[in-house]
Each structure stands twice: as C-alpha cells, then as structure tokens.
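J.: The structure's right below; bear with me while I get my questions together.
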Amino acid sequence: MLTITHSLRDSKSIKKKGQQYVMMYIKSPNWSKPLRPTHNNIMFFKRADTAEKKSQNKKSKQLLDAVYKEYQEKYKGAEYSDAQTGTITLKKQITKMSELKADKSESTMSGYHNLYVAMEKFCKAKGHNFNMDINRVNIQFIDQWRLWLTTGSNYAQSTAYKYFTLFSTTLKQAKSYGLLFYNPFTENKIEFPKNETKEVVYLTPDEVSMMIQTPTKYEQIKNAFLFMCYVGIRQGDCCRLTWADLPEINGVVKMNVRTQKAKTDIYFKIRKQAMKYLPKRMGNDDSVFPSLKFGKEQNQKLREWAYKSGVKKHIVPHTARHSFAFYMLSENNTPLYTVSKLMGHTNARTTEERYGHLSNENIELAMEKAFGS
C-alpha cells in the first residue's frame, strides 16, 4: 500500500529563523527505496504567537493538503502489487514482444527494446509499477503515457508517436493471446501523439535523366541507385540482393524478393530500363552488387554525383524509392493499392499515408471505365 507522510525540519536560513519547511516521505512496497521530496516553499512557524504567523501557518496547511492530493494522484499506480501467478505483467509483455518480433528487421527489434526503456522510465516517473498485471492498464494510464511522451520527456515528436504505436501493438498482441481482457485502444477512441511530417524528397523523371547522363567514378553506387529508382526496393534489400532474387524465367528476369523490413514478397517483371543497371549475371548465391553498402561516405558520393548532374536536392539512397513512388503515382496514375504491392508495403494505408499526396488517380476516368459515361 502507498504511504505518504511528512515531517517538519528547522530552516537553517537566518531570515527564516523559527520556521520549519516540509519534507515528504512517500513509500511503496514496489519501490527499492522511498521518495523524500522537499518543499521549501511551504513554511510553518514553530510558535505562531501573532495573527500574521497564524495566517501564514493556515495558508501553509492549505498548500500541504494540496501537495498530499497531488502526490496521491501522481503515485496512485504504485499501490498495485506484483501480478498474481498465472497472469502476465506489463514488463513481461513488452519483453515478450521483442521475442515475437525476432524474425523482423533490426529496426523493429530496436524499437521494442527502446519501448521497454521508455516505459520503465515512465512508470518510475509516474509511480506506476512496471511489474503490475497488464490488465491494470486502463484509459487513464494510456492518457498519462501519451502526455509523458509528448511533454514530460525529451523524445522527438516522431519517436513519441513510434513508442505510443508500439505500445498499442503490444496490448493488441496480449489481447489476441487471451492475456488481456480489455484493450483500451480498441474499446475507446484513443488520441495518438502527432507524428512528425517529413518532406518526401523525390526525383522527377527529368532529374533522373540528368543523373543518368552524368558520368561518375562511383559506378556501383550509380548503378544501384538507378536500379532502385526503377524497381522501388529499399536500400537494405538492394545491398542484400543476390541473383537468386532475380530469377530468369523463359528469358524474362523477375524480381522475387522477400523484404527484410516488412517480410512481404515482391514479385514482378524487371523492365528493360532497370536491366541496364544490372552487372553481368553470376551464380545464384552471388551478390548482384558485391560489397555494396550505404553509409555516410557512400551517401556523400551519391550527393556529389547528383550535384554534378545539376540536381540540387539533398538526396539519400531512400530517395530512389520515393522517386519510384512519385513516378508510378503522379506520372502514370497508378492506383495506390497497386503501388502498395509493388513496394512491398504490408497494407495500402502505409502507401496512402506516405505517398497519398502524390497520387494523381483520375476518379472521373475510373468511373467512366467502370460504368460508362
């Protein structure tokens, strides 16, 4: 059970001689040690022998009562005892998520590890027991979590959004396993933190042509970047690409890749424009672009080549993927769902959120094709 008491300590200040300040004592059986916050702004006279001193003591008593209520509200989660046998704790469920996502990308694994660290800090700051039964998580807990991520921590806007979203997935997973009986995220209209809107930098077909026509001594970087512009795969998948991922069937080369990040399958014919940037075919286990990697040094070489060609945009390897999306959506009016499949997104919503503003689908033309004029 949570215990909140206070004691009065003599002030050592000459100006406040004869007065005492407040030291709180807050203890929970779930903490390794109690908290002892000091309130030097709440002062009591040891001998209130004048009307003025009595008045100050009365005001200080009102302040002290308010402080008690504040701490009771702030640390009410600390009264929860450890979970009973047979249930799962909040801490254990987040740990479990890291295990369940072991087959996902490194960034996904890292995300759940960082969620663990953030949740541990949050529980400590707000007096919640990290080892509490996950069924103790309610709408109030989630509201506190959102406010702490956005205003009570130093996390960037995009990071706060990511951790909040990962926690939502954590509860959803627990519910699907029968470990959580009530998921506040699905039973309530939860307000998510605002996600940082990042500008999507892409190259137009003319800018790609400018780079094609500009020679560079970084031939492999050039070929890999242009190949990605025409097939839309991520830089990580391009670096890991082997010839087995590009099978030749009846004289036609196919893209047959399982993406490392989303674990989705991409399968389509590679067009002639993209084929120009592939090296000589080797064995199935050989890399298409041997020893290719994109780091700080390679990214700088990429930008040097772009600048030399007349492209002044700040580009990175992922710009090739954005350029593919732009070309498909804005230049060719390709439906978002089709682009989603080509890019290996797990659902079309991801494509819409990132590239929906680029879409140039002709609604009237689509209606005419379906139903006539």
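The values are calculated or read from the model by the stated rules, or taken from the named source; none is laboratory data. Everything numeric here is computed off the predicted structure, so don't read it as measured data. Backbone-built Cβ (ideal geometry, glycine too); neighbour counts: all protein chains shown. Ligands, DNA and RNA are stripped out before the accessible areas are found, and what is left, the full protein with its side chains, is counted by its heavy atoms. Shrake-Rupley method; radii C 1.70, N 1.55, O 1.52, S 1.80 Å.
J.: Per-residue accessible area for Ser291 at 1.4 Å probe radius, Å² rounded to 10?
T.: Per-residue accessible area (Ser291): approximately 120 Å².
J.: Let me ask something additional. Within a Cβ distance under 12 Å of Gln235, other residues only, what is the Lys/Arg minus Asp/Glu net charge?
T.: Numbers: positive: Arg234, Arg240, Lys261, Lys293, Arg321; negative: Asp237.
Local charge sum for Gln235: +4.
J.: Could you state the accessible area per residue of the chain in Å², with a 1.4 Å probe and every protein chain left in place?
T.: 59
J.: Hey, another quick one. In whole Hz, with x marking every Gly and Pro, tabulate ³J(HN,Hα) for region 296-313 from phi via Karplus 6.51 cos²θ - 1.76 cosθ + 1.60, θ = phi - 60°.
T.: In residue order, the calculated couplings are 4, 5, 5, 5, 5, 5, 4, 6, 4, 5, 4, 5, 5, 7, x, 8, 9, 6 Hz.
J.: What percentage of all Cα-Cα pairs in region 1-66 are separated by more than 13 Å?
T.: Result: 66 percent of Cα pairs exceed 13 Å.
J.: A follow-up question, please. Using only alpha carbon positions, build the gyration tensor of region 188-302, then give the equivalent ellipsoid semi-axes as the square roots of 5 times its eigenvalues, largest first, whole angstrom. Intermediate results must be reported in sequence, preceding the final value.
T.: Numbers: eigenvalues 150, 88, 43 Å².
Semi-axis lengths for region 188-302 are 27, 21, 15 Å.
J.: Still on this structure, I have one more. For a quick check, take a GNM of the chain with Cα springs below 10 Å and name the residue from Ser168, Ser13, Ser98 with the largest mean-square fluctuation.
T.: Ser13
J.: Which FRET efficiency value, to the nearest 0.05, is calculated for His318 and Ser32 with the Förster distance at 51 angstrom and r the Cβ-Cβ distance? If you can, show how the numbers build up before the last one.
T.: On the way: r = 44 Å, r/R0 = 0.87.
Given R0 = 51 Å and the Cβ-Cβ separation, E is 0.70.
J.: Taking only pairs that are 8 or more places apart or on different chains, how many Lys pairs in region 134-215 have Cα atoms under 19 angstrom apart?
T.: Values: Lys162/Lys172; Lys162/Lys189; Lys162/Lys194; Lys162/Lys198; Lys172/Lys189; Lys175/Lys189.
Taking the Cα cut-off of 19 Å, the pair count is 6.
J.: Taking P(r) over Cα pairs in 20 Å bins from 0, in percent straight from the coordinates, which label in (i) 18, 31, 22, 15, 9, 4, 1; (ii) 21, 38, 26, 13, 2, 0; (iii) 29, 54, 14, 2, 0 is the correct one?
T.: (ii)
J.: If you don't mind, there's one more thing I want to ask. May I ask you to give the percent of accessible area on the chain that is carbon plus sulfur, with a probe radius of 1.4 Å? Walk me through the numbers before you get to the answer.
T.: On the way: 10840 of 22160 Å².
Carbon and sulfur atoms account for 49 percent of the accessible area of the chain.
J.: Can you compute the FRET efficiency between Lys17 and Arg136 using 1/(1 + (r/R0)^6), with r the Cβ-Cβ distance and R0 = 51 Å? Round to the nearest 0.05.
T.: Working: r = 48 Å, r/R0 = 0.94.
Efficiency, from the Cβ-Cβ distance: 0.60.
J.: Hey, in the GNM for the chain with a 10 angstrom Cα cutoff, which one of Lys54, Lys96, Lys263 fluctuates hardest?
T.: Sorting by GNM fluctuation, first place goes to Lys54.
J.: Hey, in the GNM for the chain with a 10 angstrom Cα cutoff, which one of Lys293, Lys46, Lys126 fluctuates hardest?
T.: In this elastic network of the chain, the residue with the biggest mean-square fluctuation among Lys293, Lys46, Lys126 is Lys46.
J.: To the nearest 20 debye, what charge dipole does region 39-198 have about its Cα centre, counting +1 at the Cβ of each Lys and Arg and -1 at the Cβ of each Asp and Glu? Intermediate values should be presented prior to the final figure.
T.: Working: 26 positive and 16 negative charges, 102 e Å.
Value, rounded to 20: 480 debye.
J.: Net charge near Tyr155: determine it from the other residues with C-beta under 13 Å of the C-beta of Tyr155, scoring Lys and Arg +1 and Asp and Glu -1. Walk me through the intermediate numbers first.
T.: Values: positive: Lys121, Arg146, Lys162, Lys194; negative: Glu196.
With Lys, Arg at +1 and Asp, Glu at -1, the net is +3.
J.: I need the phi-derived Karplus couplings for region 244-260: 6.51 cos²θ - 1.76 cosθ + 1.60, θ = phi - 60°, integer Hz, Gly and Pro marked x.
T.: Values per residue, Gly and Pro as x: 5, 7, 10, x, 9, 10, 6, x, 10, 8, 10, 8, 9, 10, 9, 5, 6 Hz.
J.: In sequence order, what are the phi-derived ³J(HN,Hα) couplings for region 117-131 according to the Karplus relation 6.51 cos²θ - 1.76 cosθ + 1.60 with θ = phi - 60°, rounded to whole Hz, with x for glycine and proline?
T.: The phi angles translate into 4, 5, 5, 4, 5, 4, 4, 5, 5, 9, x, 8, 8, 4, 8 Hz.
J.: Which semi-axis lengths, in whole Å and largest first, follow from the square roots of five times the eigenvalues of the Cα gyration tensor of region 168-235? It would help to have the intermediate numbers written out before the result.
T.: Values: eigenvalues 436, 51, 15 Å².
Ellipsoid half-lengths, sorted descending, are 47, 16, 9 Å.
J.: Find how many whole Å separate the alpha carbon centroid of region 221-276 from the alpha carbon centroid of region 46-65.
T.: Region 46-65 and region 221-276 have Cα centres separated by 77 Å.
J.: What is the diffusion coefficient of region 106-211 in µm²/s, taking the Kirkwood radius over Cα pairs and the Stokes-Einstein relation at 25 °C with a viscosity of 0.890 mPa s?
T.: Details: Rh = 15.6 Å.
Stokes-Einstein gives a translational diffusion coefficient of 158 µm²/s.
J.: Here's a follow-up. Once you have the Cα-Cα distance between Ser209 and Met275, take 0.36 nm times their residue separation minus that, and quote the gain in nm to one decimal. Working shown, then result.
T.: Numbers: separation 66, 0.36 × 66 = 23.76 nm, distance 1.56 nm.
Full extension from Ser209 to Met275 adds 22.2 nm.
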